[in-house]
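Single-structure report; data block below.
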Amino acid sequence: MKDNFFFGLFRKFSIYSIRSKMTICFLALGLIPILIFGLISYHLYLQNLHKNISSYSEQVIERVDKNLETYISDIENIMRLRSNYYFQQYSKLNEAGDIEGNRKYTVRIWETFDILKQMKTDLIDIRFVSSSGSTISCYGRYWVDISKEPLHQELINKKSDVVAIQPPHLNILNKKVFSIGQAVNRNVKGDTGIMAIDIDVNFLKKICSDIKLGETGFVFFEKDGKVVFTPQSSDKNGFSNTITQNPKLMDSKDGSLIDSINNTNYIITYKTSAITGWKIIGVSPKAEMTSEVTMLRKVFFWIITLIIIIILLLTIYLTSVLTNPMRKLRSIMKQASENDLSIYADIRTRDEIGQLASSFNKMMNQIRELMDKIKDDQQKIRVMEMKAMQELIKPHFVYNTLDSIIGLLEQNRNDDAIDIVDSLGKFFRTSLSHGREVVFIREEIDHIRSYLMIQQFRFSYKFDYLFEIDDEIYNFKTVKLILQPLVENSIYHGIRNLDKKGLIVINGYIKDDQIIFEISDNGEGIGEEKTQQLNRIMAGEEEVEDQNMYFGIRNVNERIKLNFGSEYGLKYQSKVSVGTKVVVNIPQIGR
């Protein structure tokens, strides 16, 4: 009931008007290219926008990296103080334990530290730590366990001019800083002191805040999968830790990607600083960076609407112009459908309707030609059938067989004569088949058995024969007398002139839903060139010069194709002095 309801609904709203159908077609033909062009343009625009966004993000990250590198380069210049006279003297007297003599150098160093702090307000502390732990800094002199100093642990195995950077941490006054240090005063024992400078972490916040990545975008620093620094005011939702775990970001030093966090897409651009080893990561919401796309969508919508209106008006006009020729052509086609094959479409327009009328006229001419050809083919079939019937009973075959029977009777070999007469009777019974063209395969095989028995006796048992037929094919049907001419060729052209005993093998089986017969002999064989010629003739790719050439096998091949289709027929395989095989394929027809 439900299916009938929908079917009735469909019929009720079906479009029968040719004008309505053409309107839909014109709209489709007009809109599809526009839509495709628009979508491609939109896609290219998005690609270009994403490229520009990525380029802008990379420039921002590059600027942060340059600012950081410039600042650290300045810090490295400050740390060259470790090589001046006051620091060298301080180190020597400190190692010697001469505290009293070291006072004036201590004062000089403090003065230098104070001047540097005033010059660079981001500096929180500058300290000089000897290998023994003696420390002089902006906050005075004190002793530390240098083995617990993170920078010392990192620098101990590095060259003296290599910079080490300690991520943000709390210094001795509980201020948030990050530290930069270098190894100093490596002695003969391998002990190492360090010079370290603590920098206010707000410096990182300042260089991150100086850039813009949309309204809510931000920049942060990462190393080894951990966040080094992130501006808390920008990273309100704490996305930094989630972003650092992205496998693609962890596996490469530089690049960009789009990551979805809490159902929001973010454009992430990153670069690894050569000096700090930190990864500088820029994060910007994709929606903010692509806000221009909304306006583009609105413009695209109004353009499409205007195009639809224009196409609709043009369609109404064009369908009206085309209606009359189409009605005329429809009337002519209706007459042709009523078996009036002499009809002619007299429509001379140069548009598609005129071309359709021209095609209709050509089609009618072809139909008339095909009708004439069918009549000719039927006549040829009748002639071929008559020739085939004439071939069924060859006078010399009958004469020689009867002569052989008389010879047996004269020798009182009555049993052999009876067998030959019986085989001859079966042979003619199958040949006639009460006028039937299609017989059971069992009958066709019996016919060949009778034929081979007669020929084997006539040729004084010069050859043997073997049947290998699958039982399942016996009850299928075939065109009669398709195997006997092939077996006859094997005898007369294959094994008759052999010096050895001949063998004919008849195979029958099913393969790929087809019935296959193979007639093989161990006779003289034919050359490769002639085999190929035979196969071309069987496939209809080559015409014979003389209609009597290969008449028997051509007759079999054409009868198979006429009855079953052009994909069926004969195919030859042969090698000289080895033998010949002919393969017959026919369809499975009723049991």
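Below are the figures for this structure:
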read-out	value
ILE519 over 42 Å from the mean Cα position of the chain (by Cα) and open to solvent by less than 40 Å² (accessible area, probe 1.4 Å)	yes
Number of the condition not met by ARG554 [criteria: (1) in a strand (DSSP E or B); (2) open to solvent by less than 80 Å² (accessible area, probe 1.4 Å); (3) among the basic types (Lys, Arg)]	(1)
Residue that is least open to solvent (accessible area, probe 1.4 Å), among those in region 333-362 that are under 19 Å from THR319 (Cβ atoms) and acidic (Asp, Glu)	ASP351
Residue in region 484-503 that is open to solvent by 20 Å² or more (accessible area, probe 1.4 Å) and within 45 Å of the chain's Cα centre (by Cα) present	no
Residue among SER331, SER320, SER284 that is part of a helix (DSSP H, G or I), small (Gly, Ala, Ser) and at pLDDT 75 or above	SER331
Number of positions in region 439-479 that are open to solvent by 10 Å² or more (accessible area, probe 1.4 Å) and not polar (S, T, N, Q)	23
Members of region 96-114 found to be open to solvent by less than 20 Å² (accessible area, probe 1.4 Å) and in contact with a strand residue (DSSP E or B) (Cβ under 9 Å, 6 or more places away or on another chain), listed by number	THR106, ILE109, PHE113
Residue in region 489-533 that is modelled with the highest pLDDT, counting only those that are among the charged types (D, E, K, R) and over 16 Å from VAL576 (Cα atoms)	GLU518
Criterion violated by GLN533 - all others in (1) open to solvent by 30 Å² or more (accessible area, probe 1.4 Å); (2) closer than 20 Å to ILE448 by Cβ satisfied	(2)
All positions within region 563-589 that are in a loop (DSSP other than H, G, I, E, B) and either on the phi > 0 side of the Ramachandran plot or in contact with a Ser or Thr (Cβ under 9 Å, 6 or more places away or on another chain) (or both)	GLY565, SER577, ILE589
Selection within region 51-95 - polar (S, T, N, Q), open to solvent by 40 Å² or more (accessible area, probe 1.4 Å), under 20 Å from ILE197 (Cα atoms) and part of a helix (DSSP H, G or I)	ASN67, THR70, SER73, ASN77, SER83, GLN88
Where a residue in region 248-266 is part of a strand (DSSP E or B) and its partner, wherever it lies, is open to solvent by 100 Å² or more (accessible area, probe 1.4 Å), with Cβ under 8 Å and at least six apart	GLY255/LYS248; LEU257/LYS248
Condition broken by ASP346, with the remaining ones in (1) touching a residue at least 12 places away in the same chain (Cβ under 8 Å); (2) farther than 24 Å from LEU27 by Cβ satisfied	(1)
Residue within region 96-103 that is in a helix (DSSP H, G or I) and modelled with pLDDT of 75 or more present	yes
Boolean, ILE448 is part of a helix (DSSP H, G or I), under 27 Å from ARG554 (Cβ atoms), among the hydrophobic types (A, V, I, L, M, F, W, C) and modelled with pLDDT of 85 or more	yes
Answer from SER91, SER54 - the residue that is among the small types (Gly, Ala, Ser) and over 20 Å from ILE280 (Cβ atoms)	SER91
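Yes or no, residue by residue, for (1) among the small types (Gly, Ala, Ser); (2) within 24 Å of GLN89 (Cα to Cα); (3) touching a residue at least 60 places away in the same chain (Cβ under 8 Å); (4) crowded, with 17+ Cβ neighbours inside 10 Å:
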site: LEU116; (1), (2), (3), (4): no, yes, no, no
site: ILE124; (1), (2), (3), (4): no, no, yes, yes
site: ARG127; (1), (2), (3), (4): no, yes, yes, yes
site: SER130; (1), (2), (3), (4): yes, yes, yes, yes
site: ILE136; (1), (2), (3), (4): no, yes, no, yes
site: GLY140; (1), (2), (3), (4): yes, yes, no, no
site: PRO150; (1), (2), (3), (4): no, no, no, no
site: VAL162; (1), (2), (3), (4): no, yes, no, no
site: ILE172; (1), (2), (3), (4): no, no, no, no
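The values are calculated or read from the model by the stated rules, or taken from the named source; none is laboratory data. Keep in mind that this is a model prediction, so the values were computed, not measured. Positions of Cβ are backbone-derived with ideal geometry, glycine not excepted, and every protein chain shown enters the neighbour counts. Quick note on the areas: whole protein, heavy atoms, side chains included, nothing else; ligands and nucleic acids left out. Shrake-Rupley method; radii C 1.70, N 1.55, O 1.52, S 1.80 Å.
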